[in-house]
Amino acid sequence: MRDLVIIGAGPAGLSAGIYGKRAGLDTLIIEESGIGGGQVLTTYDVDNYPGLPGISGMELGTKMYEHAMAEGVDLMEASVTGLQIADKVKKIITSTETIEAKAVIIATGAVHNHLGIPGEEELGGMGVSYCATCDGAFFKKRVTAVIGGGDVALEDAIFLARACSKVYLIHRRDEFRGAKKLADIAKTTENIEIIYDSVPDSIEGTDTVERLNIHNVKTNATETLDVDGVFIAVGTHPVTEYLKGVVDMDEKGYIRADETCKTNVPGVYAAGDVRTKALRQIVTAAADGACAVTSATEYINSL
């Protein structure tokens, strides 16, 4: 039996792994992709992580992973399909085997939301993308559209504008939800055209994306944009489907846990984007990892 099993190897999971090993716990991280770093790996620039301004997401995620491995954390590549609680024993059901642990930290993060409009799924990977840093290079000197109004949408538009001839930034409201600094950059970038109060209706194309149809939510006027790519950045939802009925979650599927990261189940903790919280950022995910291990250590010592 392991002392501590961490599900997910993003910033929260890797931070928990580091703190777990430093606390002397037999620690295992289970990661579906087998690669440590999480979604930060797809972020172009990280300007708000203290002490490392301007570091790329790939470099930051890689450094976190290397730090955890240097501490001696074990990493297992597998999908977690369920969690069973048997008194003091937690059974983690994976695609390869069942693992027992004294304590579990859930750090599976969140995944991209889809729009649910015609053409989105059909043209996925053929011009429709959810990761500008992953796919932006394919659209050099071409026209793209970004849909969303938060930090990720703003970052994507700014990133794409460096290579694309034009970027449409489409937001359903008349002001952005993202950081003012990012919004100011987007507004002053010459080849970014912002279209407020508008939402997408459909994406069209034969073999690749060719057009994006939108309408204004205030005037109901419609417009067709000739684009080569559509980048969707409309938020995320937590990866918690396999935990239904096991831990308490809110209506959106986020695990209810406070700053101690304790769930309603003793010995089970939630860290990072997967838990209920006001701010989902790399720095808060890393902090959650440390807090979760502190709580888990106290629990394990009480057994």
Taking region 253-262 on its own, how many of its residues are over 14 Å from Ala16 (Cβ atoms) and assigned to a loop (DSSP other than H, G, I, E, B)? 5
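Do you know which residues across region 147-175 are aromatic (Phe, Trp, Tyr) and over 20 Å from Thr219 (Cβ atoms)? Give the steps one after another, and end with the answer.
Initially, region 147-175 is screened for residues aromatic (Phe, Trp, Tyr), giving 159, 168.
Within region 147-175, just Phe159 meets the criteria.
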So Arg172, is it surrounded by 15 or more Cβ atoms within 10 Å (Cβ to Cβ) and not assigned by TED's automatic domain parsing to the domain that holds Val293: yes
Of the candidates Lys244, Lys277, Lys218, the one satisfying the condition of being surrounded by fewer than 21 Cβ atoms within 10 Å (Cβ to Cβ), among the basic types (Lys, Arg), at pLDDT below 95 and farther than 20 Å from Val152 by Cα is Lys244
For region 22-46, name all the residues that are in contact with a helix residue (DSSP H, G or I) (Cβ under 8 Å, 6 or more places away or on another chain) and basic (Lys, Arg). none
Close pairs from region 289-300: first in the same structural domain as Ala270 (by TED's automatic domain parsing) and without any contact (Cβ under 8 Å) to a residue 60 or more places away in the chain, partner assigned to a helix (DSSP H, G or I) and among the β-branched types (Val, Ile, Thr), Cβ under 9 Å, at least 6 apart: none
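Going by the conditions given, is Ile18 surrounded by 24 or more Cβ atoms within 10 Å (Cβ to Cβ) and not basic (Lys, Arg)?
No: the conditions fail for Ile18.
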Region 54-72: number of residues that are over 20 Å from the mean Cα position of the chain (by Cα), loosely packed, with under 14 Cβ neighbours inside 10 Å and either at positive phi or outside any helix (DSSP H, G or I) (or both): 1
Name the residues in region 23-66 that are hydroxyl-bearing (Ser, Thr, Tyr) and without any contact (Cβ under 8 Å) to a residue 24 or more places away in the chain, would you? Ser56
Which count do you get for residues in region 151-168 that are surrounded by fewer than 24 Cβ atoms within 10 Å (Cβ to Cβ) and either of a type in the set (D, E, K, R) or assigned to a helix (DSSP H, G or I) (or both)? 6
Please work out if Ile195 is more than 30 Å from Thr294 (Cα to Cα) and touching a strand residue (DSSP E or B) at 6+ places or on another chain (Cβ under 8 Å). yes
Against the condition in the same structural domain as Ala9 (by TED's automatic domain parsing), in contact with a Pro (Cβ under 8 Å, 6 or more places away or on another chain), assigned to a helix (DSSP H, G or I) and modelled with pLDDT of 95 or more, how does Ala285 come out, does it pass? yes
Within region 10-37, count every residue that is of a type outside the set (A, V, I, L, M) and over 25 Å from Ile300 (Cβ atoms). 4
Scan region 94-150 residue by residue and report those that are closer than 30 Å to Pro266 by Cβ, outside any strand (DSSP E or B) and small (Gly, Ala, Ser). Ser95, Ala107, Gly109
Of the conditions (1) modelled with pLDDT under 95; (2) of a type in the set (Val, Ile, Thr); (3) over 15 Å from the mean Cα position of the chain (by Cα), Val46 fails just one. Which one is it? (3)
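The values are calculated or read from the model by the stated rules, or taken from the named source; none is laboratory data. Please read these numbers as outputs of a predicted model, since none were measured by experiment. Virtual Cβ from ideal backbone geometry, glycine too; neighbours counted across all protein chains shown.
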